[in-house]
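Participant: One structure, pasted below without further comment.
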Amino acid sequence: PPPSAGNSVNVSVGLQPLRDPSAKVNPLDPARPVFVDGEALDHPGGLLLMLHKPTGFVCSHDEREGPRVYDLLPPRWRVRNPQVTSIGRLDKDTSGLLILTDRTELVHTYTSPRHKVPKLYRATLDRDVPASLVDLFAAGTLQLDGEKAPCAPATLRLPAPRVAELVLVEGKYHQVRRMFAAAAGATVLTLHRECFGKLTLGDLKPGEYREINESEI
């Protein structure tokens with residue numbers, strides 16, 4: 001049966017109305033853009049965003065866990081299918097660079113252990129960090145409780161007595177916090193991710209985001 005007036009939409013390709021509902025179109029063809037009720041399709045090729053995650057937000061989609069990073073996005077992006085999700089996670093008390101996308105192939109690629117994307121974290125700790133941790137972390141021999149394999153080699157810099165910059169190429173659960181606790185009995189007080197691959201936050205303020213290209217990662 002024909003659609004009711006409340007459900008009907010006007011679709012056009014380029015400047016031409018689309019009258020055949022069985023016709024196939026390429027929404028990614030820039031020469032023939034698709035419009036629905038006069039509005040261009042919203043990111044038909046998918047979303048890819050860099051967000052400056054503030055502390056206090058979770059990467060879960062479950063509203064019961066608290067404010068979500070997705071709540072920082074426009075409402076229309078929260079109902080996309082596939083849904084927008086994060087590439088990896090930052091816990092509620094961690095701030096910094098977070099990539100969001102609805103392109104599931106990118107999520108699989110950049111969370112795969114085979115795709116060793118370097119990620120730079122800056123941490124402040126409750127005590128001085130011993131210089132011996134530089135070699136320990138680089139050796140790739142640190143074993144965390146509950147893990148089958150030791151941590152992959154990581155680069156540690158100590159710009160100040162209680163400040164550490166750590167580059168990881170993997171993403172074990174709460175890894176930065178657990179590494180300092182296991183190696184030095186230290187508690188991480190603040191944790192911020194500054195870089196993901198080639199990406200840096202630049203002048204993005206907490207809660208702000210911008211669109212990125214895959215070539216930037």
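Participant: Using the count of nearby Cβ atoms within 10 Å as a rough guide to exposure, how do K198, K53, K172, K119 rank from fewest to most?
Facilitator: K198, K172, K119, K53
Participant: Please compute the modelled spin-label separation between E211 and R64, points set 7 Å along Cα→Cβ, answer in nm with one decimal.
Facilitator: 3.6 nm
Participant: May I ask you to derive the FRET efficiency for A139 and V36 from their Cβ-Cβ distance with R0 = 41 Å, giving the value to the nearest 0.05? Before the final figure, lay out each step's value.
Facilitator: Numbers: r = 57 Å, r/R0 = 1.38.
Computed FRET efficiency for A139 and V36 comes out at 0.10.
Participant: Taking only pairs that are 8 or more places apart or on different chains, how many Lys pairs in the chain have Cα atoms under 17 angstrom apart?
Facilitator: Qualifying lysine pairs in the chain: 9.
Participant: Taking only C-alpha pairs under 8 Å that are 6+ residues apart, what is the relative contact order of the chain in percent? Can you show the working numbers first?
Facilitator: On the way: 380 pairs, mean separation 46.2, N = 217.
Taking the mean separation of contacting Cα pairs over the length of the chain, I get 21 percent.
Participant: Using 11 Å as the cut-off for backbone N distance, which residues of the stretch 141-182 belong to the label zone defined by a point 7 Å from the Cα of D128 along Cα→Cβ?
Facilitator: Residues 161-162 qualify, since their backbone N sits under 11 Å from the label point.
Participant: Counting only helical runs of four or more DSSP H residues, what would the 222 nm mean residue ellipticity of the chain come to if each run contributes -39,500 (n - 2.57) and the total is spread over all its residues? Don't skip to the end; give the middle numbers.
Facilitator: On the way: 4 runs with 30 residues, N = 217.
Computed mean residue ellipticity for the chain: -3500 deg cm²/dmol.
Participant: Work out the length of the dipole vector of the chain about its Cα centre, built from +1 on the beta-carbon of each Lys and Arg and -1 on the beta-carbon of each Asp and Glu, and round it to the nearest 20 debye. Could the numbers behind the result be given before it?
Facilitator: Working: 27 positive and 26 negative charges, 60 e Å.
In debye, rounded to 20, the chain gives about 280.
Participant: Of the listed values (i) 25.8, 90; (ii) 22.1, 74; (iii) 18.2, 57, identify the label whose number matches Rg and Dmax of the Cα atoms in Å calculated from this model.
Facilitator: Computing Rg and Dmax of the Cα atoms in Å and matching it to (i) 25.8, 90; (ii) 22.1, 74; (iii) 18.2, 57 gives (ii).
Participant: Taking square-rooted eigenvalues a ≥ b ≥ c of the alpha carbon gyration tensor, is the stretch 119-196 rounded, prolate or oblate, where a/c under 1.5 means rounded and, failing that, a/b exceeding b/c means prolate?
Facilitator: Working: a/c = 1.42, a/b = 1.25, b/c = 1.14.
It comes out rounded by the Cα gyration axes.
Participant: Normalising by the residue count of the stretch 36-103, find the relative contact order in percent from Cα pairs under 8 Å and 6+ residues apart. Can you show the working numbers first?
Facilitator: Working: 103 pairs, mean separation 29.0, N = 68.
The value is 43 percent.
Bear in mind that the values in this text are calculations on the coordinates, not laboratory data. Everything quoted here is computed from the prediction, not taken from an experiment. Neighbour counts are summed over all protein chains in view; Cβ atoms, including those assigned to glycine, are modelled from backbone coordinates with ideal geometry.
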